[in-house]
Structure formats: C-alpha cells, structure tokens
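So the structure is just underneath, and the comments pick up after that.
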Amino acid sequence: EPKPVEVKKEEPKKEEPKKPEPDRREDLAEALARDLKQVQQQKAVHDQRARADAELRQLGQAQAELAASALQRGLASYMDKIRGKIKGNIVLPPGIKGNPEGIFDVTQLPTGEIINVKISKSSGNRALDEAIERAIRKSDPLPLPDQPGLFKRELKLKYRPFDE
C-alpha cells in the first residue's frame, strides 16, 4: 500500500519586523548643507570675478589717464617749442600796454613749413598783431613735436608778448 504522503502544512510566514526607515531628515539636511556649500563657492567665484573686473577697469582707467596726461604734456611741450621759436623772432613795437593776447591760425606741412598764417583774434594793437605775424612767418619751419603722432597741421597759436 502506498504510504500516504504527509502533506506538511505550510505555516503562515511570520512577518519580519520592519526595519525602521532611515531618518530622511538627515539626508535632507546633508543635501541642504551640500547645496549651501555649492552656492557659497559659486558666490565666492562670482565675487572674485567681480573684484578682478573692477581692478581691470581701474587699471584701464589709470592707464588712460596716464596716456592722456602724457599726451597733454607732449602737446604742451610741442606748443612751448613753437612759442619759444616765435618769441626769439619777434620785435615788439614800443608802447604796448598790458599783456594783450593775439590768436593766430597757422597751417603747416608735416615738415613744419608754414603754408598760411591768419589772425583769428586781434590783440587790439595792430602793430603788435603785425609783429606777431612777422615773427611766426620768420619762424618757418616750425619745430616738430618729439612724438610724430602729436603733429597738427592746423595750429591755433596764442601769443602774449610778456608771457614767459
């Protein structure tokens, strides 16, 4: 006879106690800290770039001011050379009262040769104006600037007889 097969009844599985879920607040706090650190690093980089840009702007402005200052000194030197040459060629008329200023427009070639002299503003003394114009023409060719880039074809020369 066949032996009856013993059927084992499966016992219902006992539910294992659930492991407590990890505290998500810690993960959130870590993520927030990580994000905050990243934002702070980005801000530091941004601030550093902003400082560098500001320094570059200041440097550029300082260089521009120096260049403008050097240009002004160069132009002043150029004009002083011209005035000095004219002063050495002027024969002042007698009886000049005060220190009147005459202004002349002078056109010159790049070699300093004078093409034209025209009075722009009279000194109020015709004899002085004529003496200044003669002195300008006698100063041909005019001195050239130390830096060729400062050369001006059209000059506005102001002349006062008693200026140094």
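Every read-out reported here was derived from the displayed coordinates using simple, explicitly stated rules and does not represent laboratory data. A quick note: this is a predicted structure, and the numbers were derived from the prediction, not measured. Positions of Cβ are backbone-derived with ideal geometry, glycine not excepted, and every protein chain shown enters the neighbour counts.
Tabulated values for the structure
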{"quantity": "Cα radius of gyration and Dmax for segment 105-160 (Å)", "calculated": "11.8, 36"}
{"quantity": "Normalised alpha carbon radius of gyration of segment 30-91 [divisor 2.2 N^0.38 Å]", "calculated": "2.52"}
{"quantity": "Compactness relative to 2.2 N^0.38 Å, alpha carbon Rg of segment 40-164", "calculated": "1.64"}
{"quantity": "Environment charge at I103 (Cβ cut-off 9 Å; Lys +1, Arg +1, Asp -1, Glu -1)", "calculated": "+1"}
